[in-house]
Structures are given as C-alpha cells and as structure tokens.
Amino acid sequence: MSHLKKLVFLFIIALMVLVACSPAATAEPAAPAEAEEPAEAEEPAEAEMPAAGLDCAPNCQYSDLVVGFLQTGSEGGWRAANTASFKETAEQLGLTLKFYDSQNDLAKQVAGFQQFIEDPEVNVIVMSPLEVTGWEQVLKDAEAAGKPVILSDRRIDGFEDLYVTFIGADFVEEGRKSGTEMCKMLEGSDSKNVWELVGNVGAAPAIDRGTGFRETAEECGIVVTNSQTANWSVVEGKQVTEAWLKESKDVQGIFGQNDEMAFGAIEALKEAGLTPAVDVMTISVDATAGAFQAMLDGTLNVTVECNPLLAPQVYEAALATVNGETLPKWIPSQESVFFMDDPNLEAIAEGRKY
Ligand code: GYE
C-alpha cells in the first residue's frame, strides 16, 4: 500500500475516532430545560385582563371607553357638581358616557345596572350606589359579562372582589371632623344637646357620617337628642327641624349631614326666633357654594368638604382597568374643613369650582 494511501487511511481512522469520542457540542444542542427559555412577558392573569371585547388592551385610549354611569339622582348642589364633573370630563377626554339618572330610586338603579350589563357597547360600569346593600346579583352578572365595575362617591358593604375600586371620601372621617368642630364650639356650654339631620336611609354617607360624628362628639359630652332622615333636602331639613322645635328649643347645635339639610334647619331656627350660628351652632358636610354663602351670611359656622369632582380619577381608573392594571380597592379623595370666622373666607369662596 503506497505511503500516500497509508497516510489517507490513517487520517480516515483518526477522523472516525474523533467523531465517536467528542461531546454534543457538535450535535444539535439539546433544548435547555423549559425554565431556561426566557419567559415571555408574563401575560397578566386573565382576571386582570380587561372586559372581553376590548382587544385594544393593554393600549386602550379614552376614546375606546364606553362608560355606563349610574347616578343616584339630582338631590342637590353636591350632586349637580358631581354630575357635571362626569359629563364635562367625558367630553374633555373624548370617551363615551351613557348617563343613567336613578331618580333616587334603588329599584331603578338596579334596573339601570342590568341595562348596562346587557348593553353591548358599554365596557365599564360606574355607580354611585344609593344604598350599601342589594348589589350581589348584578355585580356577579357584570363579572360574568366581563364588565369591570367601579364605585364612585359611595361605598357598598362587602363584595370587594366583585368591583375594581371605590373612589370617594372617608365619610366616617367627615363625621369625626364635624364632631370635633362641634365640641370646640360647645366648649364651656352647660348643655350640649345636638340634633342630627341624616341623609337617605341605607346610604353609606348617612351611616358613616353619623358613626364618625358620635365617635368624636361623645368624647366632649355631646348628646345627640334628635336624629332623623331628611333625605339630603332643604325642604325636609326644614320640616324635620320645625317639628323638633315645636317639641323643645333646648338645642345647642345642629349637624346637617349635607349642606341642603343644614340650610333647611337654618330657616326653621330663624322662623322659631333663634339665631343660627349664634344661639345654635350649625355644621354641614359638602362645602358647596351654597355653604360658603351661608357662612358669608353668618348663619353656618363650619362646613366639612366632600369633593364631588371625582370624574377624572374615575375615568383614569376605568382606563387603567381595561388595560389590565390592578388598582387599590379604595382611592380616597382629598378634603378640607372651612370656617365662617376665617378672615380669607370671601377669597376662598371666589376660588371654588363648585
Ligand atoms: O354629601 C350629599 C349627596 O354621596 C357624598 O350625597 C354624597 C352625598 C352628599 O346627596 O349632598
């Protein structure tokens, strides 16, 4: 076998040995264990995903939103400012708002809720619940329909897993602030009998403001000797106070759970020959323009703010939720307290949006 042939033969033998012994580098690299695969960006769990049908997520814009809003009704200055906030902000942001006026009727509000569940255009439901109970079934139906629900202004009892978030005030704290201010004004007074005008029965602000008021007021010996609903209205606030005044004039303070009921009480006090804010201390909650006027007129001592301009925060939450973001269960609104004897009251009043 010629020298050259030998060499070639040897070379082939050597090559074959090499192939047989070397590691897999050369073989198709075995797929690394699953874990190693750089995981795709984790798809948010389905539950967080937006309403079915909003395939613009997670990059939906306000123009993709069709919000079904269940308003309580039109019971006063605060509500008017709240409704305007929703209508004007929807226009500014370019979202579609379907506005439902529940006319302060719970059955109508539940019916409106069902309507929005069935309405194929509506992709987010927002509600100012008239009362804290009665929502289990419609909340479950909304979840089944893949429609996120946001509570605006008023909370409900329980079922936190069936709504996205509650955007609104700490009503208990509003009540505490009112009690604290009433204590300060009745300091040194021999008797501290206070009458309370309550909002509609079953409503979160009515329940919570009463709880908060008693928490701080009772610490200074205040006794709530009369308490009755006046349904957030001037007329009923006046009628209820008139009826109490017929019974007795032994009252040192009146706590109106909203401005309108306090205005009614102020009228009744005047007609009974008492001077509001002098003979009888007067406090309200809301701080609408009417309350500032009453303070400037010298008939209302204090008003505790409850901010009605909630729409920007609510719509921001609606967009976030359809884009799959998870939100805190409560987004509290920021609020202050205003006083009749504030030297800057006029300037403050001029700067108010509602
Ligand atoms: O205080 C009252 C209105 O829900 C916070 O409802 C709102 C209350 C407000 O009727 O004026």
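In this model, which of LYS246/LYS270; LYS238/LYS270; LYS184/LYS238; LYS192/LYS246; LYS108/LYS147; LYS87/LYS353 are farther than 22 Å apart at the alpha-carbon? Correct reply: LYS184/LYS238. Protein heavy-atom accessible surface, 1.4 Å probe, per residue over the chain: 49 Å².
Across the chain, Cα pairs under 8 Å and at least six residues apart give a relative contact order of 18 percent. The helix-based estimate of mean residue ellipticity at 222 nm for the chain, built from -39,500 (n - 2.57) per DSSP H run of four or more residues and divided by its residue count, is -12500 deg cm²/dmol to the nearest 500. Please give the Cα centre distance for segment 254-328 versus segment 176-192, rounded to the nearest Å. What the calculation gives is 19 Å, centre to centre. Packing-based ranking of 177-183, 329-335, 319-325, 59-65 yields 177-183, 319-325, 59-65, 329-335, ordered from highest to lowest mean Cβ neighbour count within 10 Å.
Taking 0.36 nm per residue of separation and subtracting the current Cα-Cα distance, fully stretching the chain between LEU274 and ASN59 would add 71.3 nm.
As a fraction of the 1.4 Å probe accessible area of segment 88-210, surface on carbon and sulfur atoms comes out at 48 percent. When the alpha carbon gyration tensor of the chain is reduced to an equivalent ellipsoid, its three semi-axes come out at 66, 22, 18 angstrom, largest first.
The values are calculated or read from the model by the stated rules, or taken from the named source; none is laboratory data. What you see is a predicted model; the values in this text were computed from it and never measured. Don't worry about glycine lacking a Cβ; one is built from the backbone with ideal geometry, like all the others, and counts go over all protein chains shown. Just so you know, the surface numbers come from the protein's heavy atoms only, side chains and all, with ligands and any DNA or RNA stripped out. Shrake-Rupley method; radii C 1.70, N 1.55, O 1.52, S 1.80 Å.
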